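What follows is one structure encoded as structure tokens, with my remarks underneath.
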Amino acid sequence: MSLEQYITCRDNCSLRHVESLAMIGLADRAEVQDCDKRNFKRIILHLVGGLTVTSSCFYYEEVEQSLKIINTYIQIARREGSVGKLTIIEPREEQYRDQ
């Protein structure tokens with residue numbers, strides 16, 4: 001089963017969504033891009049499988065804070081050797097019948 005189907009937002013996402021992808025070890029790197037509106041920027045998050053997720057445009061101070069959080073998560077994942085090692089466990093059929 002592909003992890004991509006579980007990524008619910010790929011463009012114009014919230015900063016929380018982008019941070020959460022980094023938190024679970026899917027982020028390879030992040031960069032900032034200017035938006036059309038002055039002092040507004042977005043985060044472009046590159047995931048380990050090659051997929052790219054972009055945030056909506058937010059005031060630059062919010063983006064800078066999120067970028068610090070994302071980079072911290074990336075550093076932790078690299079240090080722990082857990083980058084891209086999220087495993088999805090499929091429930092067995094009998095688990096659904098018991099509920």
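Nothing in this text is a laboratory measurement; each read-out follows from the coordinates by a stated rule. None of these values were measured; they are calculated from a predicted model. So basically every Cβ, Gly included, is an ideal-geometry build from the backbone, and we count neighbours across all protein chains shown.
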field: Extension gain (nm, one decimal) between residue 9 and residue 37, 0.36 nm per residue minus Cα-Cα
entry: 7.9 nm
- request: Set the Förster radius R0 to 22 Å, insert the Cβ-Cβ distance between residue 51 and residue 79 as r into 1/(1 + (r/R0)^6), and round the FRET efficiency to 0.05.
  value: 0.45
query: What percentage of all Cα-Cα pairs in segment 1-72 are separated by more than 18 Å?
result: 30
